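So the structure is just underneath, and the comments pick up after that.
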Amino acid sequence: MSAAALALLCTAGHAVPVADPSASPPATPTAPLTSLPAAQIGPWQIGPHSTRYNRQDADHRIDARLMHSSRYRQQFGLDAGWLPTDQWALGLNLAAGRTGDFRDLVGNLLYTPVPGWHGRLSLGRLQSTDPYAFASGTADVRVRQNAWLAGLVRQGPEAGPVGDLRWTVYGARASVPRLAPVVIQSAVGNLLQASSDLRLLSAGQMQGAEMGVGLYPWATTRLDLALGGERTRYPMADGSQVAASRLVARLGWQQDLDACRRVALNLSTTSSSTAGGVGWESGRWMLGVSRTLNVASASETRVALAWRLPLGGAAGSEGAGGRCALAPLRSSNALSRLQLVSQRPAQLPQVVLARVDRSLQPQTLASIDTSLVAPGYGIAIVGGQLVFTLERAAQGLVEIRTLENASTVANAGVNGQPFLQLSGNRVVIQLDNIPNPGAGQQLTYEADFASVAPVIVMRISFTVKGR
């Protein structure tokens, strides 16, 4: 009965606190996992904890991977892009995790009206099941989220310090399910109290804009800089909202030390996460470490180590060119149509924007003063039920009265079923089935039950206060 509270005074017995059976234990934290060394043979990269297939031609690109992550354990990912015409390009990003019921799907569309100018549009659908800490205990909840991005990219000339300019606007909106209330119980001194935890989640909404630039200050250096802003708000059930505006910044740096070695660093901060990573290439060896700190979910750490084995030449060919020559930095990092359409937009959040709504406190259903209870009787709150234990087994219900109206009332609840149910010496009342007198009103009920051999009348009374 979410709309009414009960204050009960009765000639029943001693109330025994009962633990809430709906409370869930806290989730066990997940330890970070790492990927052990892998060998890359042509388009395949195979290791004990990851398998990857990466192939790129002039008009299409496919990058499929199966790996472990500290958040979702085994995870499958796919990035693909196609260039059907000189003006249009299509892309797809997919990620799925075994743990957490994680699904992330993004579709990308690129339009090039004139060479060097690209318009882009991305639509995403994210689903994730994560633990949320309610007043009644931790519960796993599946949340879905839609996202979008629109942008414009201007590619710079082949020479010069500016490689590309990028403008984007984007947004995301979560959709949370409606959960069933859970009754929680507490006992302080002689007061036994039952409350209803509504278990509300707030669905977050996010909007952002960003401008970025790719720079080549020197032939051996590439810088990626982006700056923008995001605003995230969480509407609450009481009409208020929790809102935050945040500066969005991204930094990427790649540096060739010589013909064989390259180092990379990237940092980013958004309203939903902060991430950083370092990478190292030396000859055929590649090492990468990344760490993501998510605001609303568990953090994630990845470590990758790989070794390339070209299929077109001998593994041990002499000379720097055959053993470890890297592709020129500018040509290997230039923003191409295929790269733009096949990469998942970094601006779209990879965690759902949902948080526990604590604007409404648990609603009191029943408060029972056990010091007023006569010996031989009992009261207990079990889940959503108030249970009276009579002195002895009863033959049946004699009468129900309301003192305020001085009249007899029918034993009928809000769902059409009796709200007083007798079974032997137990009277069970469903808390959500008692009629609500209305805001500021109250009704005091008295109910008499008759026993046999000897014939006595046993009475219980309780007061319902409306909201």
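The values are calculated or read from the model by the stated rules, or taken from the named source; none is laboratory data. What you are looking at is a predicted structure, and each value in this text was computed from that prediction instead of being measured. Quick reminder, even Gly has a Cβ in these numbers, built from the backbone with ideal geometry, and neighbours come from all protein chains shown. Accessible surface areas use protein heavy atoms only, side chains included; no ligands, DNA or RNA. Shrake-Rupley method; radii C 1.70, N 1.55, O 1.52, S 1.80 Å.
How large is Rg over Rh for the stretch 159-270, taking Rg from the Cα atoms and Rh as the Kirkwood inverse mean of 1/r across Cα pairs?
Expressed as Rg/Rh, it is 1.31.
Using r as the Cβ-Cβ distance of GLN417 and THR85, and R0 as 60 Å, what FRET efficiency do you calculate, to the nearest 0.05?
Here the calculated transfer efficiency is 0.35.
How far apart, in nanometres, would the label points at LEU152 and LEU109 be if each is projected 7 angstrom from Cα along the Cα-to-Cβ direction?
So the two model labels end up 1.8 nm from each other.
Between GLN395 and SER186, what is the spin-label point distance in nm, taking each point 7 Å from the Cα along the Cα→C-beta axis?
Modelled inter-label distance: 4.5 nm.
Only sites in a loop by DSSP and with at most 16 other Cβ atoms within 10 Å count here; which trypsin sites (Lys or Arg not before Pro) in the stretch 130-172 make the cut?
Answer by residue number: there is no such site.
Assuming 0.36 nm per residue, please report the length gained on full extension of the stretch ARG426 to VAL263 beyond their Cα-Cα distance.
51.2 nm
Could you give each residue of the stretch 345-352 its phi-based ³J(HN,Hα) in whole Hz, using Karplus coefficients 6.51, -1.76, 1.60 with θ = phi - 60°, and x for Gly or Pro?
x, 5, 6, 6, x, 9, 10, 6
Could you please put HIS60, HIS118 in sequence from largest to smallest accessible area, using a 1.4 Å probe?
Listed by decreasing accessible area, they come as HIS60, HIS118.
In terms of the Cα gyration tensor, with a ≥ b ≥ c the square roots of its eigenvalues, is the stretch 401-453 rounded because a/c is under 1.5, prolate because a/b exceeds b/c, or oblate?
Here the stretch 401-453 falls in the oblate category.
Leaving out ligands, DNA and RNA, what percent of the accessible area of the stretch 76-223 is carbon and sulfur, probe 1.4 Å?
In the stretch 76-223, the share of accessible area belonging to carbon and sulfur is 62 percent.
Mind listing the long-range amide H neighbours of GLY378? Cut-off is under 5 Å, sequence gap 5 or more, other chains count too, H placed in the peptide plane at 1.01 Å from N.
Under 5 Å from the amide H of GLY378 lie the amide H atoms of GLY13, HIS14, THR389, each far enough along the sequence or on another chain.
At R0 = 25 Å, how high is the FRET efficiency between ARG65 and ALA133 if r is their beta carbon distance? Nearest 0.05 is fine.
Given R0 = 25 Å and the Cβ-Cβ separation, E is 0.15.
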